[in-house]
1. Within the group Gly272, Gly347, Gly304, which residue is of a type in the set (Gly, Ala, Ser) and in contact with a Gly (Cβ under 9 Å, 6 or more places away or on another chain)?
2. Here are the criteria: (1) among the aromatic types (Phe, Trp, Tyr); (2) in contact with a helix residue (DSSP H, G or I) (Cβ under 6 Å, 6 or more places away or on another chain); (3) without any contact (Cβ under 8 Å) to a residue 60 or more places away in the chain. Tell me which single one Phe295 does not satisfy.
3. Identify the residue in region 238-259 that is assigned to a helix (DSSP H, G or I) and in contact with a helix residue (DSSP H, G or I) (Cβ under 7 Å, 6 or more places away or on another chain) and, among all such residues, is surrounded by the fewest Cβ atoms within 10 Å (Cβ to Cβ).
4. Output the residues belonging to region 427-454 that are buried (at least 20 other Cβ atoms within 10 Å of the Cβ) and at pLDDT below 90.
5. For region 323-376, enumerate the residues that are assigned to a loop (DSSP other than H, G, I, E, B) and not polar (S, T, N, Q).
6. What pairs come out if I take residues in region 91-109 that are over 30 Å from Phe159 (Cα atoms) and pair them with residues that are surrounded by fewer than 16 Cβ atoms within 10 Å (Cβ to Cβ) whose C-beta lies under 6 Å away, six or more apart or interchain?
7. Scanning region 192-206 for residues that are closer than 16 Å to Asp419 by Cα and hydrophobic (A, V, I, L, M, F, W, C), which turns out surrounded by the most Cβ atoms within 10 Å (Cβ to Cβ)?
8. With the requirement that a residue be of a type in the set (Gly, Ala, Ser), surrounded by fewer than 22 Cβ atoms within 10 Å (Cβ to Cβ) and farther than 22 Å from Ala76 by Cβ, what does region 138-180 give you?
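The values are calculated or read from the model by the stated rules, or taken from the named source; none is laboratory data. Nothing here was measured: the structure is a model prediction, and the numbers come from that model. Cβ placement follows ideal geometry from the backbone for every residue including glycine, while neighbour counts extend to all protein chains displayed.
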Amino acid sequence: MNRYSLALVLLAALSGCSSTGTADRPQPALSAEVAGLGAPADWAFGAGADGEIAADWSSIISDPVLLDLMSQALSANPNLRATEESVRRAEAFLRQSRSNLLPFVNASAGASASSPFEDFDLGERYTLGLDASWEADLWGAIRSGIAASEYDLQAAETFYRASREALAAAVARAYVVAIDAGRQVELTRATLAAQVETQRIVNIRYELGAADRGDQVLAESDVASARDSLETSLAAQRSAVRALQVLLGRYPDGSMTVPDALPVVADVVIAGQPADLLRRRPDVLSAEASVRSAFASTRVVRAGRWPSLSLSGGVSSATDSLGDLVDPAALALSLGARLADTLFDGGLTAARIEAAEAGGRLALANYGSAVLDAYADVEGRLDDVETLRRRATYVETASANARETLQLAEIQYKEGAIDLLDVLTFRQRSFQADRTLLSLRRSEIESRIALYLSLGGAMTPLPTANDGQS
């Protein structure tokens, strides 16, 4: 083998010295116990049911308008777009880390002219060079750095998924609140109409001498109060619509229309045990990836205690004639190896290791907090669902009885058996009972949405609004 062939072999060897595989990383099955927490066998509000948790939002929501709005939000919400960019940044950092396994190859070319000062007889000089360098990953620092970047990407991706799920749930809740606000407006309008009708009857009775001026004033006062309640309800409706528009990335002018009926949201199946939650919740998975990244980064820093080995090689040519640059006789081969180690750094490496280890403990503590928050979230949502289910019977009964009592009171007032104040008292009681019932219906739907989100949300992501166009 001649020296020129040897140069080509060296470059090929440098390219092949690196491994494109991922780093050797520990794979502990992180659990609540790892973070110092215990996981119970079942939830406090009931054991997990047989079956699977719904795979996507469309499995529990039977409202095409809402599902479409959720998809629109995923493509238009500015906060979500910012989170998506963090994923792209993590992907770029991963490519950057992987590039450290490969050799760096550089090419250079140059031309110059020089001459003695006396005669200005210019002499030309041409150079051409190709060199490569590669650092051997003797202690796994590069592979550990790649592993850390991979985990950072996992953390960014799962956080992005968590953000998508949270946004979808927020849109669903805002949609429900906006519809409920409209229903509250209609209830207030109906109450106002009833108050106006009562005022009309009182005025007739006053003209006939069957009612006094006090009844007239009382009726006028209640009509004014009902009008004030209507203005308050209308303002609340506009505010609810604006909140929905912001989530959709639209200008919040409060003019958006929503359906009159609340969406149908099915009961959420509670499958599995609390420990299974750690494999579904994207925020917990993101915290877990951050733990793994922190420990991989610690291995990178620890590897800095040992020597580094780098290899280099190159082919160069320097001639007085441009045409001779590629002449084999003008080519020169260079090979080199460099072993370097730090003898004294004033405690810098030790401090870096200490900081990295503290970062690992911090990530583990954050993981424990994420696990505890996830458990508390699910238990709280389960409590809400059960409490609202029990309240429903009581509130329905109270609302029905209040309406019946009001109807009887209105008849008795027309017959002169009771005073106007009694009628107005019964009407206010009926109005409050109906408002409570409407709020309960809204809360029941919100609690199911919140429970589904607390269990990890959709494993199958909603399509964004432009998916069908791409």
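1. Gly272
2. Of the numbered conditions (1) among the aromatic types (Phe, Trp, Tyr); (2) in contact with a helix residue (DSSP H, G or I) (Cβ under 6 Å, 6 or more places away or on another chain); (3) without any contact (Cβ under 8 Å) to a residue 60 or more places away in the chain, the odd one out for Phe295 is (3).
3. Going through the qualifying residues, I end up with Ala243.
4. Residue satisfying the conditions is Arg427 alone.
5. Answer for region 323-376, where residues must be assigned to a loop (DSSP other than H, G, I, E, B) and not polar (S, T, N, Q): Leu325, Val326, Asp327, Asp341, Leu343, Phe344, Asp345, Gly346, Gly347.
6. Pro103/Ser15
7. Val202
8. Scanning region 138-180 gives Gly140, Ala141.
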